[in-house]
């Protein structure tokens, strides 16, 4: 067991559930606790009081709406959802074994998208939106994007003064025009979102998981996914959550624009985007943040990855960017 917690701390937390451990295994921030009453997952977090209150609200809301695709949080013997020792906050769940092989053919990506869309549909709320709040949201994101883009442009200007280019620099310069174009495409779709949202005068918010990815679900043997880790859940546009999930898929498996369109169709079968939400979704995907992050990492003085590794990673992310470009064009071609 690593230093996530010691035996005494674990025992003090489990006492509040009237549980006594027979065996404990560590899986990152989660402890697998075997007891005479069954096997449980004990999660240790750094949530403060307000974050814990929000987390409890989210769990209660999921229970209230009857959302079946999440791992429940168990109550202490005092009726609390979480326990704090003054430094950390803990919560307990049943242990769900994560299956990688299913009894029936299942595509995990399709399951995650479908269940996320159902979460959004069950928590949908339409709110009146004034132009000032929409402008603030637009300007906040655009300012952040402008700052990122200008910093990278400054870096590219500096390396263009070099007599010789490193392999990473040469790769970046070769594709920089397309990278800049994608940034502009993101801003174009962000502007279209703003214009259409102002015309509509309202917007939808949903309960967003906040970190939807494969490591935050547990699949049973039948291929049903159960979400966990709602610590970063927020009320926000559904476009944000879906873009995060798509980016996760883009980075973990091969895909193309046809499959991307298939995933979007699955999502919209259960929760259809409005026009402005589709533009916002595409703007999130189009902005080349993951390439900018790679450039940041390359410049970092404490970088440990080799030049070859950095070039391979950059090329992979450029390939993903080009696929996003084709996917973006496919999405809006269908609307013409």
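Quick notes
- Any chance residue 161 is over 30 Å from residue 259 (Cβ atoms) and out of contact with any helix residue (DSSP H, G or I) (no Cβ under 9 Å at 6 or more places or on another chain): yes
- Test: residue in segment 99-108 that is at positive phi, part of a loop (DSSP other than H, G, I, E, B) and more than 16 Å from the chain's Cα centre (by Cα): no
- Tally, over segment 157-183, of residues that are surrounded by 13 or more Cβ atoms within 10 Å (Cβ to Cβ) and within 29 Å of the chain's Cα centre (by Cα): 11
- Residues being touching a residue at least 60 places away in the same chain (Cβ under 8 Å) and surrounded by 10 or more Cβ atoms within 10 Å (Cβ to Cβ) - total across segment 61-84: 9
- Scanning segment 195-249 for residues that are farther than 19 Å from residue 51 by Cβ, in a loop (DSSP other than H, G, I, E, B) and in contact (Cβ under 8 Å) with a residue 60 or more places away in the chain yields 201, 220, 221, 222, 223, 224.
- Pairs are defined by a Cβ separation below 7 Å, a sequence spacing of at least 6 or placement on different chains, a first member in segment 114-138 that is in the same structural domain as residue 205 (by TED's automatic domain parsing) and within 30 Å of residue 70 (Cα to Cα), and a second member that is at pLDDT below 90 and surrounded by 13 or more Cβ atoms within 10 Å (Cβ to Cβ); the pairs so defined are 127/203.
- Segment 85-109 residues that are without any contact (Cβ under 8 Å) to a residue 40 or more places away in the chain and assigned by TED's automatic domain parsing to the domain that holds residue 221, paired with ones that are surrounded by 15 or more Cβ atoms within 10 Å (Cβ to Cβ) and outside any loop (DSSP other than H, G, I, E, B) (beta carbon under 9 Å, 6 or more apart): none
- Selection within segment 184-195 - over 14 Å from residue 135 (Cβ atoms) and surrounded by 15 or more Cβ atoms within 10 Å (Cβ to Cβ): 185, 186, 187, 189, 192
- Every residue from segment 109-138 that is touching a strand residue (DSSP E or B) at 6+ places or on another chain (Cβ under 7 Å) and part of a loop (DSSP other than H, G, I, E, B): 123, 124, 129
- Within segment 205-215, considering residues that are surrounded by fewer than 19 Cβ atoms within 10 Å (Cβ to Cβ) and at negative phi, the one nearest to the chain's Cα centre (by Cα): 211
The values are calculated or read from the model by the stated rules, or taken from the named source; none is laboratory data. Treat the numbers as computed from the prediction; the structure is a model and nothing was measured. With ideal geometry, Cβ positions are generated from the backbone for all residues, glycine too; neighbour counts draw on all protein chains shown.
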